[in-house]
Amino acid sequence: MIISPFKRFRQSIALHLLTTIFSVYFLVAVVVTVVQLYKEYEDTKAKFYKEIQTLPATFNRGIVDSVWTYNKELLQSILLGMHNLPIVVGIKVESIDHKMDLQIGAVLNEKNEITYYDSSGKVTQQKEFGLGTDTLFKHEFPMDYQGVAFDHKVPLGQVTLYSNNQLVFDRVKYGFLLILINSIIKTIALWFIIYYFIKKYLGQPLEEFTTKIRNQDVQSPQAIDLNLPWTDTNELVILKDSYNQMIQGLNKHKILSITDKLTGLFNRLKLDEALNDEFNRSNRFNRTFGIIILDIDYFKRVNDTYGHQVGDQALIQFAKILKENIRKIDILGRWGGEEFMIICSEADFQGTIKLAQSLREIISKYDFPTIGNLSASFGVSIYDGDENIDKVIARADNALYKAKANGRNRVESK
């Protein structure tokens, strides 16, 4: 039966463990990366602000002179030069007498809202858009004139320089990119490393263990060995040894209450238990299974003609033929008298019918000692999740009676 990748994932401890570890690591990596990016942003912004604070040393003298002399053309030229710097998005000059007020670029008005001005100081539309353009931060410094005719500084107003987060982002984006690439590479590398070791040291041994258990003969299970990548005692080794000890104990102390003494097959008590187990497993995993009830044709004649001892030997040989020609995962037992039941695990209708037809042909061609040829009638039913187990058994039983009524030595289903 082919298992879908999603169902395989749900049934894999190794993949669940890998997902859990990777999810926790990924969450930690995201948090650490965000912290790194924020720290990088804050450091860059602080450096950016320090650069802005150095501008008054370069431009303040020219601005003061132009305001003192009311030279608006010179003031405009100086401000345009400052605005062209990569760390400035706007400049506001506010003179005490308001005769030399001038704004260029993005500045904050009295309502603390962003207003945009062109190179001549007139209000204009926003020209740049993007992350951080609507977040301004500023640096203010005073305009003080000091000439030979004055023994003190004469306040003329103040200058405000504006920058925004977009300029900071532009400067740190390369660093951001390196941090992100570094985090992604480390995450992917760690994922493959964890996957490799979990798969090698846990996933593969568990998968091998599971496969070998599934392939066990349910009527005579044997001890198994695992190809473990280590020799030290660990949980998997203990699990394997415990399983083998359990199997050996079961094989040495087979419980007579679940075994038919004559044929060595499961008896009806064990078949009832197996039916309930298969019913519950099929419901849990949404699978189907088949039931075959078969009966030796005219077996009473065998006992009457050759005696019960010959009849018993025929039953023993009949059981052997069935056991040798069913799948390892199928469950075979003596249902009662000359009736037998086969529980076909994870089988569909066609597969169950095919098995029944095959057994019928093998039995009809077999030469039983003393007796010669015998035949058997088969009743088949399939459980698909829509009814209880008693109704499935009843359908197989009714199909068997139908096979008897239609001439025996045939397979019927219901």
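Could you tell me whether the stretch 382-395 includes any residue that is within 19 Å of LEU322 (Cβ to Cβ), surrounded by 21 or more Cβ atoms within 10 Å (Cβ to Cβ) and in the same structural domain as THR305 (by TED's automatic domain parsing)?
No, the stretch 382-395 contains no residue that is within 19 Å of LEU322 (Cβ to Cβ), surrounded by 21 or more Cβ atoms within 10 Å (Cβ to Cβ) and in the same structural domain as THR305 (by TED's automatic domain parsing).
From the list THR54, THR44, which residue is of a type in the set (Val, Ile, Thr) and surrounded by fewer than 15 Cβ atoms within 10 Å (Cβ to Cβ)?
None of the other options fit; the residue is THR54.
Just name the residue that is nearest to the chain's Cα centre (by Cα) out of those in the stretch 61-77 that are farther than 11 Å from VAL93 by Cβ, assigned to a helix (DSSP H, G or I) and not aromatic (Phe, Trp, Tyr).
Restricting to residues being farther than 11 Å from VAL93 by Cβ, assigned to a helix (DSSP H, G or I) and not aromatic (Phe, Trp, Tyr), the top hit is SER77.
Scan ARG281, ARG287 and give me the residue that is among the basic types (Lys, Arg), closer than 24 Å to PHE349 by Cα and touching a helix residue (DSSP H, G or I) at 6+ places or on another chain (Cβ under 9 Å).
Residue meeting the stated conditions: ARG287.
If we scan the stretch 111-125, do we find a residue that is surrounded by 14 or more Cβ atoms within 10 Å (Cβ to Cβ), assigned to a helix (DSSP H, G or I), assigned by TED's automatic domain parsing to the domain that holds SER95 and at pLDDT below 90?
Checked the stretch 111-125: no residue is surrounded by 14 or more Cβ atoms within 10 Å (Cβ to Cβ), assigned to a helix (DSSP H, G or I), assigned by TED's automatic domain parsing to the domain that holds SER95 and at pLDDT below 90.
Is it the case that the stretch 300-312 has a residue that's under 14 Å from PHE289 (Cα atoms) and not in a helix (DSSP H, G or I)?
Within the stretch 300-312, not a single residue is under 14 Å from PHE289 (Cα atoms) and not in a helix (DSSP H, G or I).
Looking at the stretch 228-243, is at least one residue surrounded by 15 or more Cβ atoms within 10 Å (Cβ to Cβ), modelled with pLDDT of 75 or more and touching a Lys or Arg at 6+ places or on another chain (Cβ under 6 Å)?
Checked the stretch 228-243: no residue is surrounded by 15 or more Cβ atoms within 10 Å (Cβ to Cβ), modelled with pLDDT of 75 or more and touching a Lys or Arg at 6+ places or on another chain (Cβ under 6 Å).
I want to confirm something. Restricting to the stretch 317-330 and keeping residues that are more than 41 Å from the chain's Cα centre (by Cα) and surrounded by 19 or more Cβ atoms within 10 Å (Cβ to Cβ), which single residue is farthest from SER364 (Cα to Cα)?
For the stretch 317-330, the residue satisfying everything is ALA319.
Does LYS50 satisfy being at pLDDT 85 or above and over 30 Å from GLN76 (Cβ atoms)?
No, not satisfied.
Looking at the stretch 18-30, is at least one residue within 28 Å of ASN84 (Cα to Cα), loosely packed, with under 11 Cβ neighbours inside 10 Å and not polar (S, T, N, Q)?
Taking every residue of the stretch 18-30 in turn, none turns out to be within 28 Å of ASN84 (Cα to Cα), loosely packed, with under 11 Cβ neighbours inside 10 Å and not polar (S, T, N, Q).
Mind counting the residues in the stretch 320-343 that are under 30 Å from THR210 (Cβ atoms) and among the small types (Gly, Ala, Ser)?
Of the residues in the stretch 320-343, 1 are under 30 Å from THR210 (Cβ atoms) and among the small types (Gly, Ala, Ser).
Just wondering, is there one or more residues in the stretch 339-350 that are under 28 Å from GLN216 (Cα atoms), hydroxyl-bearing (Ser, Thr, Tyr), in contact (Cβ under 8 Å) with a residue 12 or more places away in the chain and surrounded by fewer than 14 Cβ atoms within 10 Å (Cβ to Cβ)?
No, the stretch 339-350 contains no residue that is under 28 Å from GLN216 (Cα atoms), hydroxyl-bearing (Ser, Thr, Tyr), in contact (Cβ under 8 Å) with a residue 12 or more places away in the chain and surrounded by fewer than 14 Cβ atoms within 10 Å (Cβ to Cβ).
Considering only residues that are at pLDDT below 80, loosely packed, with under 15 Cβ neighbours inside 10 Å and closer than 21 Å to ILE329 by Cβ, which ones fall in the stretch 187-212?
THR210 - this is the single residue of the stretch 187-212 that is at pLDDT below 80, loosely packed, with under 15 Cβ neighbours inside 10 Å and closer than 21 Å to ILE329 by Cβ.
Within the stretch 134-153, how many residues are more than 18 Å from ALA57 (Cα to Cα) and touching a residue at least 40 places away in the same chain (Cβ under 8 Å)?
Of the residues in that region, 2 qualify.
Table: residues versus (1) under 24 Å from GLY407 (Cα atoms); (2) surrounded by 17 or more Cβ atoms within 10 Å (Cβ to Cβ).
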| residue | (1), (2) |
| --- | --- |
| ASN303 | yes, no |
| GLY311 | yes, yes |
| LEU332 | no, yes |
| ILE353 | yes, yes |
| ARG360 | yes, yes |
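Would you be able to tell me the number of residues in the stretch 143-174 that are in a strand (DSSP E or B) and either touching a Cys at 6+ places or on another chain (Cβ under 8 Å) or at pLDDT below 80 (or both)?
Within the stretch 143-174, residues that are in a strand (DSSP E or B) and either touching a Cys at 6+ places or on another chain (Cβ under 8 Å) or at pLDDT below 80 (or both) number 0.
Just a yes or no: is a residue in the stretch 250-261 modelled with pLDDT of 75 or more, surrounded by fewer than 13 Cβ atoms within 10 Å (Cβ to Cβ), closer than 30 Å to ILE316 by Cβ and under 27 Å from the mean Cα position of the chain (by Cα)?
No; the residues of the stretch 250-261 include none that is modelled with pLDDT of 75 or more, surrounded by fewer than 13 Cβ atoms within 10 Å (Cβ to Cβ), closer than 30 Å to ILE316 by Cβ and under 27 Å from the mean Cα position of the chain (by Cα).
State which residue pairs qualify: first residue over 10 Å from LEU202 (Cβ atoms) and not assigned by TED's automatic domain parsing to the domain that holds GLY203 and inside the stretch 10-21, second residue at pLDDT 70 or above and outside any helix (DSSP H, G or I) in any location, beta carbons under 7 Å apart, and separation of 6 or more residues or different chains.
Once the first residue is over 10 Å from LEU202 (Cβ atoms) and not assigned by TED's automatic domain parsing to the domain that holds GLY203 and sits in the stretch 10-21, no partner that is at pLDDT 70 or above and outside any helix (DSSP H, G or I) comes close enough.
The values are calculated or read from the model by the stated rules, or taken from the named source; none is laboratory data. Since the structure is predicted, the reported quantities are computational estimates derived from the model, not experimental observations. Here Cβ is always computed from backbone atoms with ideal geometry, including for glycine, and neighbour counts include all displayed protein chains.
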